[in-house]
Amino acid sequence: MKENSVKLYVIRHGETDWNCRRKLQGESDILLNENGRRLAEITRENMGTIPFDLVITSPYQRARETAQIITGNADIPCIQDARIREITWGDWDGLTPEEIAEAGGKERFELFYTNPFFFRGAPGGENIRQVCERGKDFYEELIRNEVFQDKTILVATHGCALRGILNHLYENPSDFWQGGVPANCAVTILKVKHGKSCFLERDKIYYDVSLIQDFYTLKA
C-alpha cells in the first residue's frame, strides 16, 4: 500500500585535494582523492544496503563519483541537476583565503562564514541567497513530483549547496551553517510525507572523525 512519502539521503561529496589545500572549490570540476573514495566506501559499508530507486547529483564529478560509490555502481537511474551544484566562486575559484586576502577580499570573504546572508558573493560569483533560492526550488519540485512518491532517493551535492537545499527546513534558517560546514560524505536523511519534511538524521558521518582532513570542516 502506498503511503505517498519520499525518503531522501542528502550527502556531501567525498574529499578532494582542494579540500585539503584550502582552495575554494566551486565550478572547478575536481575529482575525489584517495581518501575521498575511502570515506565514500566506508560510508557505503556502514550505511548498509539501501534500496535506492533514484540518484540525483550535481553535474560535478566529485558528487557523481561519490554517488556511484555509495550505490555500489548499481544500475540505478541517475539525474544530474545544476541547481544542486556548489556555490559559484567566480574570480575566487581555486584560490586560498590567503590569496583572496592578498587581492583585497579578506573582509568580504570572511562574511561567507561569519554572516553568510550578508556575503555578497565573490566577483563574478553567487551569494548565499542565490544558492538557497535554487536549492529550495530543487527541493520543492522534487517532493511535489508524483513520479518520486514512495521512492528512496540519493541526492549527492556539496557543502554550501547542501545547506542551501535544506535551509528553509531548519528551525532557524537565519543560521545558514547550522554549526559548521558538513563533513565530506556527511549524510542528512529526511522523510517527506504529504509535503511535510521530517529530519531523521542530520550531518551523520559513518567513519571515524580522525579521517576528516577538509580544512573548512575542521575550521568550524
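Tabulated values for the structure
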{"read-out": "Inter-probe distance in nm under a simple model that places probes 7 Å from Cα toward Cβ, at D53 and E201", "value": "2.0 nm"}
{"read-out": "For the chain, the longest site-free run once trypsin sites (Lys or Arg not before Pro) in DSSP loop states with at most 14 other Cβ atoms within 10 Å are removed", "value": "121-220"}
{"read-out": "For the chain, the Rg and Dmax computed from alpha carbons only, in angstrom", "value": "16.7, 61"}
{"read-out": "Residue range of the chain that is longest and free of GluC sites (Glu not before Pro) which are both DSSP loop and sparsely packed (at most 11 other C-beta within 10 Å)", "value": "4-170"}
{"read-out": "Gain on full stretching of the segment that runs from F117 to R37 - 0.36 nm per residue minus C-alpha separation", "value": "25.6 nm"}
{"read-out": "Within the chain, helix-based [θ] at 222 nm, where runs of 4 or more DSSP H residues each add -39,500 (n - 2.57), nearest 500", "value": "-9500 deg cm²/dmol"}
{"read-out": "Per principal axis, descending, Cα span of segment 72-124 in whole Å", "value": "48, 22, 20"}
{"read-out": "Net length gained if the chain between E98 and N145 were fully extended (0.36 nm per residue, minus Cα distance)", "value": "12.5 nm"}
{"read-out": "Gain on full stretching of the segment that runs from K193 to H168 - 0.36 nm per residue minus C-alpha separation", "value": "7.3 nm"}
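Every read-out reported here was derived from the displayed coordinates using simple, explicitly stated rules and does not represent laboratory data. Since the model is a prediction, treat every value here as computed from it, not as a measurement. Ideal geometry is used to build each Cβ from the backbone, glycine not excepted, and the neighbour counts take in all protein chains shown.
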